[in-house]
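What follows is a single structure, written as structure tokens, with notes after it.
The values are calculated or read from the model by the stated rules, or taken from the named source; none is laboratory data. Just so it is clear, the structure is predicted and the values come from calculations on it, not from any experiment. Heads up, the Cβs are rebuilt from the backbone with ideal geometry, glycines too, and the neighbour counts pull from every protein chain shown.
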Amino acid sequence: MKKIDKKRRIENKTNYHKRLILLKGESARLVVRKSNKYILLQIVESSHALDKVVFQANTKELLKYGWPEDKQGSLKSLSAAYLAGCLISKKAKNLKGRVILDTGLIPNTKGSRVYAGVKGAADSGLNIKFDEKISPDMEKIEGIEFFNKVKENIKNG
């Protein structure tokens, strides 16, 4: 094992067992990452364990689609994650084949922002398989008053 591999494992940055399983699937991956301010969704394709980002959507992009500037602090909410999923699905409309979810080191939690993003991508047409029971309820996702306006702007824009 390489020294760098041990370092990334010790720093809790990479789970190599999980990564190997995902790479063996030979499908594109929907990578969901959370930061302190935003949620990032990427569709990544791998060739010989080298990752290439094909499509990317960040919740910061929702500001272009009608997300109010004064609500910028809520760009990591369930609603923002769902809408970012819709946005990446729109960007990847010509993507052929199935997509596998890659959550990295984020734990699988029922009703989390990760699954809100996956639900948004799946509802907008991305071919991704996941359990609907683990995704958050639409009442929670649509909890903000400007949700439908932003969603329509993403579909039309």
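For the range 49-57, indicate whether the set of residues that are out of contact with any Asp or Glu (no Cβ under 9 Å at 6 or more places or on another chain) and under 19 Å from Asn148 (Cα atoms) is non-empty. The answer is yes, given that some residue of the range 49-57 is out of contact with any Asp or Glu (no Cβ under 9 Å at 6 or more places or on another chain) and under 19 Å from Asn148 (Cα atoms).
For every residue, the table says whether it meets (1) aromatic (Phe, Trp, Tyr); (2) within 11 Å of the chain's Cα centre (by Cα); (3) within 30 Å of Glu11 (Cβ to Cβ).
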site	(1), (2), (3)
Glu69	no, no, no
Gly73	no, no, yes
Ala81	no, yes, yes
Ala84	no, yes, yes
Lys91	no, no, no
Val99	no, no, yes
Tyr115	yes, yes, yes
Asp123	no, no, no
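Here the range 84-107 is the region considered, the condition is being surrounded by fewer than 23 Cβ atoms within 10 Å (Cβ to Cβ) and among the polar types (S, T, N, Q), and the residue that is nearest to Ile21 (Cα to Cα) is Thr103. Of all residues in the range 19-35, those being surrounded by fewer than 18 Cβ atoms within 10 Å (Cβ to Cβ), touching a residue at least 60 places away in the same chain (Cβ under 8 Å) and not polar (S, T, N, Q) number 2.
Filtered by the rule that a residue be touching a residue at least 12 places away in the same chain (Cβ under 8 Å) and either of a type outside the set (D, E, K, R) or surrounded by 15 or more Cβ atoms within 10 Å (Cβ to Cβ) (or both), the range 36-52 gives Asn36, Tyr38, Ile39, Leu40, Leu41, Gln42, Ile43, Val44, Glu45, Ser46, Ala49.
In summary, Asp102 fulfils each of the numbered conditions (1) among the acidic types (Asp, Glu); (2) in contact with a strand residue (DSSP E or B) (Cβ under 7 Å, 6 or more places away or on another chain); (3) modelled with pLDDT of 95 or more with the single exception of condition (3). When the range 100-123 is filtered for residues that are within 11 Å of Val31 (Cβ to Cβ) and outside any helix (DSSP H, G or I), the ones remaining, listed by number, are Ile100, Leu101, Asp102, Thr103, Gly104, Ile106. For the range 54-74, filtered to residues that are in contact with a strand residue (DSSP E or B) (Cβ under 7 Å, 6 or more places away or on another chain) and aliphatic (A, V, I, L, M), the residue that is surrounded by the fewest Cβ atoms within 10 Å (Cβ to Cβ) is Val54.
When you check Lys7 against the structure, is it modelled with pLDDT under 85, of a type in the set (D, E, K, R) and part of a helix (DSSP H, G or I), yes or no? Steps first, please.
On the way: modelled with pLDDT under 85: yes; of a type in the set (D, E, K, R): yes; part of a helix (DSSP H, G or I): yes.
Yes: the conditions hold for Lys7.
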